[in-house]
Amino acid sequence: MSAPNKSGWKPQMEAAEGGVPQGPQTTTGNRALMLEEPLIFEIGHAETTGVDLPGIDPAATTRLNGLERSEPIGLVGLTEPESVRHYTRLSRQNYGIDLGFFPLGSCTMKHNPRLNEKVARLPGFADIHPLAPQSTVQGALQVIHELGDWLCKLTGMPSVAMSPKAGAHGELCGILAIRAAHTARGNPREVVLVPESAHGTNPATAAFAGYKVDNIPATPEGRVDVDALKARLGPDVAAVMITNPNTCGLFEKDFRTIADAVHDAGGYVYCDGANFNAIVGRVRPGDLGVDAMHINLHKTFSTPHGGGGPGSGPVVFSEALAPFAPLPFVRKYEDGTYDLVEEEKREASRGQAFGRMTAFHGQMGMFTRALTYMLSHGADGLKQVAEDAVLNANYILRSLEDILHAPFADSGPCMHEALFGDKDFGGGLSTLDLAKGLIDEGYHPMTVYFPLVVHGAMLVEPTETESKASIDQFITAFRSVTERALAGDESLKQAPYYAPRRRLDETAAARKPKLAWSEPEV
Ligand SMILES: *Cc1c(COP(=O)(O)O)cnc(C)c1O
């Protein structure tokens, strides 16, 4: 492992056999202030308790009517400081947007402004209950309504469903509305067309909603092949699902032509709006002929990707699909009051609602954060968000296209993300090795091996929230690791050296996950 590498990079600690770096052996496994942490079942015991409770009087009567637990539950007993330390140590092994640049493509990992957090924690939003009388939560209903209004205006669409809890959930909502609309005309149809480059959730959604999925090929320049799509349209096609900007980081210039052709064939146009960050304030999908589109609030509108509660993927609908959108929805009255329209109160506007997606609008924390973000930026600010995100991605594309394969660099400027493919890496090295090398440089890797249409794909999305200095530093690190890959630097095969864990068996982790703790085999 100590073979000199051509790029001059060497791990600070010489790697021993098997690639494990040798440092001073500590008794704890800790490395300075980077603390090792076993599983909670390895540090605690089910026989111990974290607090002392008075013994139970065997003669005491119980109010549980025979439902009391008869066997121990098997949870470990830890003291409060032990539990707090366990989870704090685990959290330090995590990487997040508050720790460093997170270039994961197609995910729009942007900064979560602290102002959003402040507003989300106001007790009037944070402490309300979904079953509270509607007269007591008028402010919350107003937030949902105003956020929906912003989404309709930004997308140029007349209607919105706020209940879906993620992008993929929004896709399902959109396709179920499409299914309901076709069914109302007598036939749900059979097929949903999805481009080759689509996010995996698109075909999964269509299949989940009972449709057969047919692929549409891409042109060599990375866009939907319009002729192939037109040739495939017919009375069996319920919808097309197209991502715009697409997952190759390109704007689908022929979207309007595609939408017209789909409508002429009696189908609907679903747009995957996950990449809306690149066009927000600049393009209104409604003008392109979209019938339904989800918006990932955790991508474009800066809410956390996770955040201690449900996420949010609202769906905007065209005039044609609006009646089929799910219940409940928030209605505003002329006197400025709001209510949540449920089954028994539905009216013509959603007279044919397909049903409901969730029990409650539990994503209040996401709604408040997203609306705060919109109000603090204003319409002009949101337009600048898109412009700066696109500028940053093009800066990365042009800074690295000399050493990486940039398959669509000739198709014009990219949108929000720069797409690279592997090229001439030496020594059998792959995109995966390069990604692992970036971890040692302190970066969460970019998205790899997606989209599938590019060999060894690497998808880098800086977003508008990175400064030029932080992007330059990333480019330097990316360039250095790429040069090592081109030079066939074998040490990359063992990377990462400095992460809390080394390479995992990714196939076994996906195919044979161990989801429950068991006594280690010795
Ligand atoms: C993120 C993403 C999705 C899925 O969104 P979730 O909120 O993660 O469910 C769908 N399509 C594309 C293109 C995406 O980037």
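The values are calculated or read from the model by the stated rules, or taken from the named source; none is laboratory data. Predicted model, so just to flag it, every value in this text is computed and none were measured. Counting neighbours? That spans all protein chains shown, and the Cβs are built from the backbone with ideal geometry, glycine included. All accessible areas refer to the heavy atoms of the entire protein, side chains included, with ligands and DNA or RNA removed. Shrake-Rupley method; radii C 1.70, N 1.55, O 1.52, S 1.80 Å.
Taken over segment 203-222, the residue count meeting the criterion of being in contact with an Asp or Glu (Cβ under 6 Å, 6 or more places away or on another chain) and either assigned to a strand (DSSP E or B) or within 15 Å of the ligand (Cβ to nearest atom) (or both) is 4.
Quick check: anything in segment 298-316 in a strand (DSSP E or B), more than 11 Å from the ligand (Cβ to nearest atom) and either modelled with pLDDT of 95 or more or of a type in the set (Asp, Glu) (or both)? Checked against the condition, which is being in a strand (DSSP E or B), more than 11 Å from the ligand (Cβ to nearest atom) and either modelled with pLDDT of 95 or more or of a type in the set (Asp, Glu) (or both), segment 298-316 yields at least one hit.
Every residue, every condition in (1) under 22 Å from His294 (Cα atoms); (2) open to solvent by 50 Å² or more (accessible area, probe 1.4 Å), yes or no:
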{"site": "Glu117", "(1), (2)": "no, no"}
{"site": "His129", "(1), (2)": "no, yes"}
{"site": "Leu147", "(1), (2)": "yes, no"}
{"site": "Leu154", "(1), (2)": "yes, no"}
{"site": "Glu171", "(1), (2)": "yes, no"}
{"site": "Thr183", "(1), (2)": "yes, yes"}
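For segment 238-294, a residue qualifies if it is touching a helix residue (DSSP H, G or I) at 6+ places or on another chain (Cβ under 7 Å) and part of a helix (DSSP H, G or I), and the qualifying residues are Phe255, Arg256, Thr257, Ile258, Ala259, Ala261, Asn277, Ala278, Pro285, Gly286, Leu288.
Okay, residues lined up against (1) open to solvent by 80 Å² or more (accessible area, probe 1.4 Å); (2) modelled with pLDDT under 85; (3) part of a helix (DSSP H, G or I); (4) within 24 Å of Glu519 (Cα to Cα):
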{"position": "Gly29", "(1), (2), (3), (4)": "no, yes, no, yes"}
{"position": "Gly66", "(1), (2), (3), (4)": "no, yes, no, no"}
{"position": "Tyr87", "(1), (2), (3), (4)": "yes, no, yes, yes"}
{"position": "Ile97", "(1), (2), (3), (4)": "no, no, no, no"}
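Close contacts from segment 231-258, counting a first residue that is closer than 20 Å to Pro451 by Cβ and without any contact (Cβ under 8 Å) to a residue 60 or more places away in the chain and a second that is within 16 Å of the ligand (Cβ to nearest atom) and assigned to a helix (DSSP H, G or I), with Cβ to Cβ under 6 Å and a gap of 6+ residues or different chains, come to Asn244/Phe255.
What are the residues in segment 131-145 that are touching a Gly at 6+ places or on another chain (Cβ under 8 Å) and open to solvent by 30 Å² or more (accessible area, probe 1.4 Å), if any? Passing the criteria: only Gly139. For segment 324-334, the set of residues classified as of a type outside the set (Gly, Ala, Ser) and in contact with a strand residue (DSSP E or B) (Cβ under 9 Å, 6 or more places away or on another chain) consists of Phe324, Pro326, Leu327, Pro328, Phe329, Val330, Arg331, Lys332, Tyr333, listed by residue number. When Ala409, Ala469 are checked against the criterion of being open to solvent by 10 Å² or more (accessible area, probe 1.4 Å) and farther than 27 Å from Pro220 by Cβ, a single residue qualifies: Ala469.
Would it be correct to say that Pro195 is more than 13 Å from the ligand (Cβ to nearest atom), touching a helix residue (DSSP H, G or I) at 6+ places or on another chain (Cβ under 9 Å) and either open to solvent by less than 10 Å² (accessible area, probe 1.4 Å) or under 21 Å from Ala259 (Cα atoms) (or both)? Considered against the rule, which asks whether it is more than 13 Å from the ligand (Cβ to nearest atom), touching a helix residue (DSSP H, G or I) at 6+ places or on another chain (Cβ under 9 Å) and either open to solvent by less than 10 Å² (accessible area, probe 1.4 Å) or under 21 Å from Ala259 (Cα atoms) (or both), Pro195 comes out as no. The condition of being acidic (Asp, Glu), modelled with pLDDT under 85 and farther than 30 Å from Ala457 by Cβ holds for only one of Glu47, Glu71, that being Glu47.
Taking first residues from segment 473-492 that are of a type in the set (Val, Ile, Thr) and partners that are open to solvent by less than 10 Å² (accessible area, probe 1.4 Å), the Cβ contacts under 7 Å between residues at least 6 apart in sequence or on separate chains come to Ile475/Ile396; Ile475/Leu400; Val481/Leu434; Val481/Gly437; Val481/Leu438; Thr482/Leu404; Thr482/Leu434. Please verify whether segment 168-183 includes one or more residues that are more than 20 Å from the chain's Cα centre (by Cα) and within 16 Å of the ligand (Cβ to nearest atom). Yes; the residues of segment 168-183 include at least one that is more than 20 Å from the chain's Cα centre (by Cα) and within 16 Å of the ligand (Cβ to nearest atom). Every test in (1) more than 16 Å from the ligand (Cβ to nearest atom); (2) of a type outside the set (Lys, Arg); (3) open to solvent by less than 20 Å² (accessible area, probe 1.4 Å) is passed by Glu252 save one, and that test is (1). The single residue among Ala508, Ala469, Ala457, Ala487 that is hydrophobic (A, V, I, L, M, F, W, C) and in contact with a strand residue (DSSP E or B) (Cβ under 8 Å, 6 or more places away or on another chain) turns out to be Ala457. Among the residues here, Ala516 qualifies as over 30 Å from Thr303 (Cα atoms), open to solvent by 60 Å² or more (accessible area, probe 1.4 Å), without any contact (Cβ under 8 Å) to a residue 60 or more places away in the chain and not basic (Lys, Arg).
Taking Glu342 as the residue in question, decide whether it is under 19 Å from Ser135 (Cα atoms) and either open to solvent by 30 Å² or more (accessible area, probe 1.4 Å) or within 16 Å of the ligand (Cβ to nearest atom) (or both). For Glu342, the condition - under 19 Å from Ser135 (Cα atoms) and either open to solvent by 30 Å² or more (accessible area, probe 1.4 Å) or within 16 Å of the ligand (Cβ to nearest atom) (or both) - is met.
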